[in-house]
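First the structure, in the form of C-alpha cells, and then the observations on it.
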Amino acid sequence: MSDTESTSANTAPPVRVCLTLQDSEGQISDNENSDCSTHLSPTETNIASGDGGPPPPKIKRTSAVWNSFTVSENDPSKAICKLCKSKLSRGRDAKHYNTTSLHNHLLYVHHMRKPTVSGTSSSSPLPSRVTGVQLGAAKGSHSSSSSTILTAFAAKQPFSANHPRSKQITEMIGKMICTDLEPFSVVERRGFKTLVGFLEPKYKIPSRHYFSRTVVPELYEAMRGELVQSLKAAEGGVINLTTDLWTSNHNAHAYLCLTGHWCERVGEASVQRKAGLLNVGVLDIEHTSNNILCCLKEKMREWEESVGQSVTIRFVVSDNAANMVKALTEYGHIRCVSHTLHLVVIKALEKDRVVTSLLSKARSISGHVHRSSKASNRLHELQTQLNLPQHTLITDVKTRWNYTFYMLQRLVEQRRAVQIMTQESNMGKAPTIIYPNEWGLASDMLTVLIPFEEVTRALSKHSASISEVIPLLHGLCSIIRSLHAGEESEDESDQFMAGDDDQDATVGLGQDVAAESRERLGTAARKLAANLSKELKWRFEPIFANSTFLLATLLDPRYKDSCFPNNVDVETLKRTLLLRMELCDPVATPARNTEETPATSSTSVLSFLQKKKSAIPMRTHLPSGDVEAYLADGDISLTDDPVKYWSGKLQCWPNLTRFALQHLSCPPTSVQSERVFSTAGNVVSPQRANLDPSHVEQLVFIKVNADLKNSVGLFDS
C-alpha cells in the first residue's frame with residue numbers, strides 16, 4: 001500500500017455539516033438537502049477556509065420589527081401589522097425586500113420608535129457557520145429581548161385622545177380656563193406646554209379650537225344639566241329672578257342677565273335655598289320694555305322645555321331704569337333696594353356745599369396718590385415713620401355710594417400722614433389741604449353714614465331676603481332721626497313711618513347713645529342727617545305700605561310682627577295672608593321659647609332690632625290656625641337661617657311653609673346680576689374683544705355657577 005493510500009485509509013470520511021439559518025422574516029428554516037443528524041460548530045468542522053469547498057452562506061440579521069409583523073401567506077411581498085392588520089409592501093421582489101416601510105408604519109401610526117437590533121444581532125460579524133443548537137438558544141434570548149423592547153415602547157407611547165387619563169387632563173384644563181378666566185390660547189403657550197409635558201409626558205395637549213368648540217361646550221351642558229335637576233325640585237315650581245342689562249365697551253354687544261333664586265326640595269322633609277345664573281345672552285336690539293319682556297319670556301320658555309315642567313316666576317328684581325320697570329309690570333316687580341339707598345345717600349351729599357367741598361378735596365388727594373408714584377412712595381414712608389397701617393388710599397366710584405364712605409374712612413385713618421403730605425412743598429403740584437374743621441366733619445360724616453353702610457352690606461349678601469328690608473329700613477330711619485332730632489323740627493319727616501307714638505315704643509332702645517352721638521356732631525353733620533331722613537321718607541315710604549314686603553317680614557321667623565313700625569296694622573296683614581294662601585287644619589301649638597335671645601351684633605341697626613324684638617310682650621291667647629300657631633311659635637336668633645326653620649315645619653304647615661319660602665328665597669337687590677357682569681367684564685377684556693358672544697355666555701355661565709355652587713353657607717359645596 002502506498003503512502004497515499006495509507007493516508008486515505010486512515011482519514012475519516014468528510015463530515016456533512018447541517019446549518020440552521022434564520023431568514024429575513026425571522027423564521028428558522030433547515031437546509032432542505034440536509035439529512036444528517038449530527039451538528040457541529042464551525043470550529044469542529046474539518047473544512048478549512050480556502051480548501052476548495054463552497055463558501056459559507058451569509059447569515060441575515062433578524063430585525064425586531066418582525067415582532068409586530070407577519071409575512072402574508074398569499075403574497076410574500078406583503079407584511080401584515082399585528083396591531084392594526086394593515087398590509088404593507090416589503091419591496092417589488094425578493095431581491096429588494098426591506099423593512100423601511102414597516103419601521104415608518106410603527107413610528108407614524110403607532111408612535112413606536114425604530115427598535116434597535118436585538119442581542120442576537122450584534123454589531124460584530126457572525127461566525128461563518130452556526131449550528132442549530134446555538135441558533136435555537138439565540139432564538140429564545142431574542143424573544144425575551146424583543147418583549148422587553150415592546151414594553152419599553154408601550155411605556156413611552158403617547159395617550160390616545162380617548163384614553164381615560166387624557167380625557168381627565170383635558171377636562172381639568174377646560175375647567176381651569178373657565179374658573180380662572182384664561183384665554184383659550186393658554187394651551188398653546190410655551191410655558192404651559194412645558195409644564196404639562198413635565199407633569200405628564202404622555203399627554204398631548206389639544207388645540208385651542210378643541211377647547212373652545214368641544215371641551216367648554218361640554219362643561220356648559222353639564223353645568224346646565226345640574227341646574228335643570230335643581231329646578232325640577234324647586235318647591236312649588238316657583239322661582240324668583242334678578243335681571244340687569246350691560247353693554248361691553250370692548251366688543252359692542254349688549255347682554256341681558258337672568259339669575260334664578262328658589263328653594264329646592266331635598267327629600268320629604270327638607271328644603272335648601274338655591275341660586276344660579278340662568279342666562280347672560282346677547283340683546284343687540286333696542287332696549288325697549290317690549291323687547292326686554294320678550295327676551296325674558298323666551299329664555300324662560302327654553303328653561304321650561306329643558307326642565308320638562310312649568311316654572312312660575314313669583315318676583316323679579318331689577319334696578320330703577322324706566323324700561324326695566326315697565327317691562328316687568330306684569331310680574332311681581334321689585335325695585336332694587338341697594339340702588340334706592342345709593343340715590344338716598346348721593347342726593348343728600350349733594351345738598352350741602354360744605355360736604356361737597358370736603359368730598360372734592362378727598363377725591364383730589366386720593367386721585368393724586370394713585371396717579372403719582374412719588375406721592376405713593378412718600379405715603380408709605382410716612383406710614384412707617386408714624387406707625388400707621390400700610391394701606392393705600394381709596395378712590396370713590398360714582399355708581400357705588402359706599403366707596404365714598406370707604407374713601408373718607410381711609411383718609412381719616414391716614415390723617416397724620418395725609419396732613420404732612422399736603423403741606424410739603426417738594427411734592428410738585430400738591431393736593432388741596434384739608435383743614436382741621438373739615439377733618440372733624442369727615443369724622444362726623446362717618447358716624448352718620450355707618451348705619452347706611454351696615455344696611456347696604458346686609459342687603460347685598462348672598463343670603464339676603466326681601467323679608468329683611470322693612471326691619472333694616474325701620475332701624476335705619478329711627479337711628480337717623482335720632483341724629484338730627486331738633487335740627488328741623490318743623491319738618492315732619494320723623495313721622496312718615498313710625499306713627500305718633502313710635503318714640504314711646506323705642507324709649508330705651510339706644511336713645512341715650514344716639515343723643516350722645518348727636519351732641520358730638522357738628523351742624524353740618526346734623527344737617528346731613530336731616531337731608532338723609534328726607535330722602536329716606538320720599539324714596540322708601542311706598543315700601544312700608546307694600547304688602548309683599550310686609551308679608552315677607554311677617555313670614556320671617558327672625559322678625560315676625562315684632563319689628564314693624566307702629567303704624568302697621570298687623571291684624572289686617574294677617575287677614576291679607578289668609579286670603580293669599582290655603583289654610584290647613586289647625587295643629588297642636590308648639591311651646592313658645594321663653595329664653596331671652598342674646599344680642600348678636602354690636603352694630604347699631606341690629607342692636608336696635610334686637611332690643612325692639614325683646615320689648616314685644618308674649619302672646620297669651622291660644623292660636624286658632626296655622627298663622628297664629630306660627631306667630632306663637634318660639635323665636636329664632638337674628639343670625640339664624642329662616643329657610644332652615646321652615647324646612648323643619650314642612651310637614652306641620654305645608655301650605656304656609658310653601659308660601660313663606662317663595663318670599664324668603666327672593667333677594668332684595670339685583671346685586672347678583674351686577675356681579676355676573678363684573679365677571680363678564682373680565683372675560684370680554686381688551687385682549688379678547690373678538691371673543692364670540694356664545695363663548696362669552698358659556699365661560700361666564702360656568703364661572704358664576706361654579707362660584708355659587710362652592711359658596712359657603714347658602715349654597716351647596
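Tabulated data
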| item | result |
| --- | --- |
| Conditions (1) touching a Ser or Thr at 6+ places or on another chain (Cβ under 7 Å); (2) buried (at least 19 other Cβ atoms within 10 Å of the Cβ); (3) not in a helix (DSSP H, G or I): number failed by Thr639 | (2) |
| Considering residues of region 155-166 that are in contact with a Phe, Trp or Tyr (Cβ under 9 Å, 6 or more places away or on another chain) and part of a helix (DSSP H, G or I) only, the residue most open to solvent (accessible area, probe 1.4 Å) | Arg165 |
| Elements of type strands (runs of 3 or more DSSP E) contained in region 265-373, each with 2 or more residues being under 28 Å from Asn251 (Cα atoms) | 271-282, 312-318 |
| Residue within region 450-459 that is crowded, with 21+ Cβ neighbours inside 10 Å, of a type outside the set (D, E, K, R) and touching a Pro at 6+ places or on another chain (Cβ under 6 Å) present | yes |
| Flag for Asn690 being in a loop (DSSP other than H, G, I, E, B) and either surrounded by fewer than 20 Cβ atoms within 10 Å (Cβ to Cβ) or without any contact (Cβ under 8 Å) to a residue 60 or more places away in the chain (or both) | yes |
| Residues satisfying the stated conditions in region 187-235, i.e. outside any helix (DSSP H, G or I) and closer than 24 Å to Ser160 by Cα | Arg189, Glu200, Pro201, Lys202, Tyr203, Lys204, Ile205, Pro206, Ser207 |
| Pair list, Cβ < 9 Å and 6+ apart or interchain, from region 544-566 residues that are among the acidic types (Asp, Glu) to residues that are open to solvent by 10 Å² or more (accessible area, probe 1.4 Å) and part of a loop (DSSP other than H, G, I, E, B) | Asp561/Val568; Asp561/Ile616 |
| Of all residues in region 177-207 being among the aliphatic types (A, V, I, L, M) and loosely packed, with under 13 Cβ neighbours inside 10 Å, the one that is farthest from Val109 (Cα to Cα) | Leu195 |
| Members of region 218-242 found to be of a type outside the set (Gly, Ala, Ser) and crowded, with 16+ Cβ neighbours inside 10 Å, listed by number | Leu219, Tyr220, Met223, Arg224, Leu227, Leu231, Glu235, Val238, Ile239, Asn240, Leu241, Thr242 |
| Failed item, numbered, when Lys612 is tested on (1) assigned to a helix (DSSP H, G or I); (2) modelled with pLDDT under 90; (3) surrounded by fewer than 15 Cβ atoms within 10 Å (Cβ to Cβ) | (3) |
| Close pairs from region 297-313: first at pLDDT below 95, partner assigned to a helix (DSSP H, G or I) and surrounded by 17 or more Cβ atoms within 10 Å (Cβ to Cβ), Cβ under 6 Å, at least 6 apart | Val307/Leu231 |
| Single match in Glu674, Glu628 (criterion: more than 15 Å from the chain's Cα centre (by Cα), open to solvent by 10 Å² or more (accessible area, probe 1.4 Å) and within 22 Å of Ser338 (Cβ to Cβ)) | Glu674 |
| Hits in region 404-420 (condition: crowded, with 21+ Cβ neighbours inside 10 Å and of a type in the set (Val, Ile, Thr)) | Thr404, Val418 |
| Flag for Thr395 being touching a helix residue (DSSP H, G or I) at 6+ places or on another chain (Cβ under 9 Å), open to solvent by 30 Å² or more (accessible area, probe 1.4 Å) and in contact (Cβ under 8 Å) with a residue 40 or more places away in the chain | no |
| Matching entry among His339, His333, His287, His368 (being more than 30 Å from Gln651 (Cβ to Cβ) and modelled with pLDDT under 90) | His368 |
| Residue match in region 498-513 (condition: open to solvent by less than 20 Å² (accessible area, probe 1.4 Å), modelled with pLDDT of 50 or more and either part of a helix (DSSP H, G or I) or not basic (Lys, Arg) (or both)) | no |
| Among the candidates Ser463, Ser467, Ser443, Ser376, residue that is part of a loop (DSSP other than H, G, I, E, B) and surrounded by 14 or more Cβ atoms within 10 Å (Cβ to Cβ) | Ser463 |
| Count - residues of region 379-404 that are assigned to a loop (DSSP other than H, G, I, E, B), among the β-branched types (Val, Ile, Thr) and either within 16 Å of Met421 (Cβ to Cβ) or at pLDDT 90 or above (or both) | 3 |
| Members of region 245-277 that are crowded, with 23+ Cβ neighbours inside 10 Å and of a type in the set (Val, Ile, Thr) | Thr259, Val271 |
| Members of region 541-559 found to be crowded, with 23+ Cβ neighbours inside 10 Å and of a type in the set (A, V, I, L, M), listed by number | Leu550, Ala552, Leu554, Leu555 |
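The values are calculated or read from the model by the stated rules, or taken from the named source; none is laboratory data. None of the values given here were measured: they were computed from a predicted structure. FYI the Cβ positions are ideal-geometry reconstructions off the backbone, even for glycines, and counts take in every protein chain you see. Side chains included, ligands, DNA and RNA excluded: accessible areas come from the protein's heavy atoms. Shrake-Rupley method; radii C 1.70, N 1.55, O 1.52, S 1.80 Å.
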